[in-house]
Amino acid sequence: MDSPPLPNPPIQSTNTPQSTAAPTPSAPSPQPPSSKSPLLFVVTVLLLAALGYLGYQNWQLQQQVKRFEAIIQVDNEPYDFSSPTPASDQTANWQTYTTESLGFSFKYPPEWTPEPTTLHSVSLNTGIPSWATMSNGNNQVYVFDAFIEEPINYENWSQQSTYLGEETIANNRFEKYIVADMYYSLNYIYKAANGKIIRFLLFPYDANQYPDTLKQDIHQILSTFKFTD
């Protein structure tokens with residue numbers, strides 16, 4: 001009786017075993033820059049600009065509100081709609097000098113004293129000491145004169161004097177000059193429609209030593225000047 005075949009022995013592999021080490025990872029490839037960064041920057045700048053503009057508009061609005069409040073602010077007392085009280089006449093108690101020969105009149109302070117003159121001139125002693133000293137050591141007082149000026153005389157001295165321009169007083173227009181004579185004098189020239197030239201002058205005169213009260217008096221005198229003929 002035949003015996004059963006023996007099993008084949010296991011075949012031994014002769015291949016060299018391969019390395020089981022893990023492979024070295026490769027470097028990641030560079031990513032393209034994100035397009036969101038420039039957009040975010042632009043949005044931020046626009047937002048800041050908008051906030052700045054809104055802040056400026058708010059400041060302007062506040063300033064306008066303050067100005068409006070200042071305009072409409074009223075007193076707690078009711079407004080008096082009655083006619084305003086007329087200003088007091090500062091020349092009410094003054095004297096009036098009228099000269100028929102010269103054909104005009106004007107008012108002057110009661111403290112001033114008329115001096116003897118010719119038929120064609122008026123002279124008033126103000127009694128106010130000036131800065132000028134006379135030969136006797138006393139101070140020269142301010143003197144106010146008024147007279148009819150001859151056209152030829154006016155033409156001569158006006159060309160050699162300092163012209164100060166024109167001044168309108170009580171609707172009368174006067175030319176102003178500083179004239180150098182024994183003393184400097186301040187001159188007001190009024191040219192009438194009939195050709196008369198009226199000359200008012202104050203001497204001595206120094207612009208740096210001209211009392212304010214005297215300046216106001218001269219202005220008031222010229223405001224009352226008028227023709228009588």
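Here are the numbers for this structure:
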quantity: Residue identified as closer than 11 Å to residue 142 by Cβ, touching a residue at least 12 places away in the same chain (Cβ under 8 Å) and of a type in the set (Asp, Glu) among 181, 217; calculated: 217
quantity: Those strands (runs of 3 or more DSSP E) lying entirely in the range 78-124 with at least 1 residues surrounded by 12 or more Cβ atoms within 10 Å (Cβ to Cβ), at pLDDT 85 or above and among the hydrophobic types (A, V, I, L, M, F, W, C); calculated: 104-108
quantity: Answer residue from the range 150-163, given it is within 37 Å of the chain's Cα centre (by Cα) and loosely packed, with under 15 Cβ neighbours inside 10 Å and is farthest from residue 207 (Cα to Cα) among those; calculated: 159
quantity: The one condition in (1) touching a strand residue (DSSP E or B) at 6+ places or on another chain (Cβ under 7 Å); (2) surrounded by 16 or more Cβ atoms within 10 Å (Cβ to Cβ) that residue 169 fails to fulfil; calculated: (1)
quantity: The range 125-180, subset within 17 Å of residue 210 (Cα to Cα) and charged (D, E, K, R), residue modelled with the lowest pLDDT; calculated: 145
quantity: Set 154, 163: member being closer than 16 Å to residue 197 by Cα and touching a strand residue (DSSP E or B) at 6+ places or on another chain (Cβ under 8 Å); calculated: 154
quantity: Selection within the range 172-229 - farther than 26 Å from residue 110 by Cβ and in a helix (DSSP H, G or I); calculated: 207, 208
quantity: Checklist (1) over 29 Å from residue 129 (Cβ atoms); (2) modelled with pLDDT of 95 or more; (3) of a type in the set (Gly, Ala, Ser) applied to residue 185, failing item; calculated: (1)
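The values are calculated or read from the model by the stated rules, or taken from the named source; none is laboratory data. Values in this document were obtained by computation on a predicted structure and should not be read as measured data. Counting neighbours? That spans all protein chains shown, and the Cβs are built from the backbone with ideal geometry, glycine included.
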